[in-house]
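Okay, so here's the structure we're looking at.
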Amino acid sequence: MSQLTPVSLEKAPGANATVHRRRRITLIAAGGLVIASAGAVLFAWEPWVDRTPFVARTYVVAGAALFTDEGDGVCRPKESAGKRKLLGEDRRVLATGWRSQGEILSSRYGDAAGKCLYYTEYKDVPAGEDAYYEVGEKKFYTRDGERYETKLAEADLRKRFEEVKKSNLHFKAPAD
């Protein structure tokens, strides 16, 4: 006769709770991973950003040496043939534009009186960039050797000529 030890097939107390706890932790971790993945996709895609192309304009108030007076208050920048480029935040070219004619500002414009307010127009600029940069054909560099670029916000590029003109009323040049 052999000696057999009886074996109980009942689970030890608390074993069932451990299995449930592990399942719950696994489900919570999987759910967190799904939510984090969805958040990362939305952050990269940014569906709430309007990317509809628009006509962008950058404005310059130039002194007498930089423009030609064409009469009737109309002026044209001397370097009007110079191409300008509008770059996106990743420095890729979004649009190319040329300087346009402008208007000579009257005495109502304070220290800007007698200067030419003109703009460069860029067509079909994709909206939704965090920053835009304007560069010309002539390359200018800072003291640090970096290429000089004008950083612009989308709201500034969407301004109309009349808005910019009005914002220059009673302009005061900064004291040296």
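Listing for the model above:
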| quantity | calculated |
| --- | --- |
| Selection count where residues are of a type in the set (A, V, I, L, M), closer than 28 Å to Glu134 by Cβ and at pLDDT below 80, scope the stretch 39-58 | 2 |
| Residue in the stretch 126-133 that is closer than 30 Å to Pro47 by Cβ and in a strand (DSSP E or B) present | yes |
| The stretch 61-85: number of residues that are surrounded by 13 or more Cβ atoms within 10 Å (Cβ to Cβ) and under 16 Å from Ala173 (Cβ atoms) | 3 |
| Some residue of the stretch 152-173 being assigned to a strand (DSSP E or B) and within 30 Å of Arg51 (Cβ to Cβ) | yes |
| Residues of the stretch 96-115 classified as part of a strand (DSSP E or B) and surrounded by fewer than 20 Cβ atoms within 10 Å (Cβ to Cβ), total | 5 |
| Of the criteria (1) out of contact with any Leu (no Cβ under 9 Å at 6 or more places or on another chain); (2) farther than 18 Å from Val55 by Cβ, which one Gly128 fails | (2) |
| Contacts under 9 angstrom Cβ, first residue in the stretch 60-87 being within 24 Å of Gly110 (Cβ to Cβ) and part of a helix (DSSP H, G or I), partner open to solvent by 70 Å² or more (accessible area, probe 1.4 Å) and modelled with pLDDT under 85, 6 or more apart | Ala65/Lys78; Leu66/Lys78; Leu66/Glu79 |
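Yes or no, residue by residue, for (1) in contact with a Lys or Arg (Cβ under 8 Å, 6 or more places away or on another chain); (2) surrounded by 14 or more Cβ atoms within 10 Å (Cβ to Cβ):
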site: Leu87; (1), (2): no, yes
site: Leu117; (1), (2): yes, yes
site: Val125; (1), (2): no, yes
site: Glu129; (1), (2): no, yes
site: Arg143; (1), (2): no, no
site: Glu149; (1), (2): no, yes
site: Ala153; (1), (2): no, no
site: Phe171; (1), (2): no, yes
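The values are calculated or read from the model by the stated rules, or taken from the named source; none is laboratory data. Not measured: the values here are computed from a predicted model. All Cβ positions, glycine included, derive from the backbone under ideal geometry; neighbour counts span all protein chains shown. Side chains are part of the model used for accessible areas, which takes the heavy atoms of the whole protein and leaves out ligands, DNA and RNA. Shrake-Rupley method; radii C 1.70, N 1.55, O 1.52, S 1.80 Å.
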